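Encoded as structure tokens, the structure appears first; notes follow it.
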Amino acid sequence: MARRRQRRRRNWNPITLLRRRLQRIDRQSASRDRSRWTKAADWSLLLSMPMALLLSLFLDANISRTSWENLADLRLGRDGRGAPLEATILRKDPNRSPWNFGSPLATVQLRQQTIEHGWPFPGWTTLPPLELLAVPLVDPSMTIDLAAPSADALLETLRSNTGVDLTDALGVLLVTLEADRQQAWVENLTRQETQTSRAWSATLATAVAIWFLLFLTSVLLIRTSQGLHFVAAGWRRRRVIGKLKAGRCPFCNYDLSGVRYPKKCSECGRKIWG
């Protein structure tokens, strides 16, 4: 009774059941008498799957591409000395549009930065806060992000060096954007929050693409090694036959011309025939 119970427990072992199931599939398979190279290709197909998934996650974490998009062009200026600061949104080409201020001060670009992580398909995307990049006309080499925390210090440096006062430029630009019904841009500039979106479908697509490349590479390597093995085996076979025809041992080159069909070499003891 104890042996029967033990056999029943062994029969319900999931590892044993899986092994027996695989053995049954192998016995019933019509292609079980395959070469070792075909089996190596099957293993490469199986092992390249987790490798491709891990590699796609590694690419998501370590490879990124940054792009910029210019959302709007704005201008800052005053109608005259002592007049309040004003802003306007350009609807046409900035290089061909005339200034409508008596005292122009700076051009401003509203830019969106996009960081895509992963290759070749972006697995996740990061959107940093919008930038209000101002370029003063008196010093075009100086750029100031009016929405950045360091904008106040840079504006003070600009006022002390050139006398151009853009202290309330951010507030004026926000009012102008609100008047243009661009509430989403205003909220982004006010909150300064980074948005991140994850796309698992893109990561899986990357894994499939890498899986195909890995499998194709492994098959090419297997076929190349198979060809080299075939060439090397043929060369060794011709070498052995040539030495045997010359009456010498193919391993130690001992003279065996006195023996017609030697089963083993009397010098090194290695098997030759039979």
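On inspection, ARG191 passes the criterion of being surrounded by fewer than 11 Cβ atoms within 10 Å (Cβ to Cβ) and either without any contact (Cβ under 8 Å) to a residue 40 or more places away in the chain or over 30 Å from LEU47 (Cα atoms) (or both). So, ARG75, is that one outside any helix (DSSP H, G or I) and either under 33 Å from the mean Cα position of the chain (by Cα) or at pLDDT below 75 (or both) or not? No: the conditions fail for ARG75. The strands (runs of 3 or more DSSP E) falling completely within segment 97-213 that include 1 or more residues that are among the polar types (S, T, N, Q) map to 103-117, 124-127, 195-198.
The values are calculated or read from the model by the stated rules, or taken from the named source; none is laboratory data. Keep in mind that this is a model prediction, so the values were computed, not measured. Cβ coordinates were reconstructed from backbone atoms using ideal geometry, including for glycine residues, and neighbour counts include every protein chain displayed.
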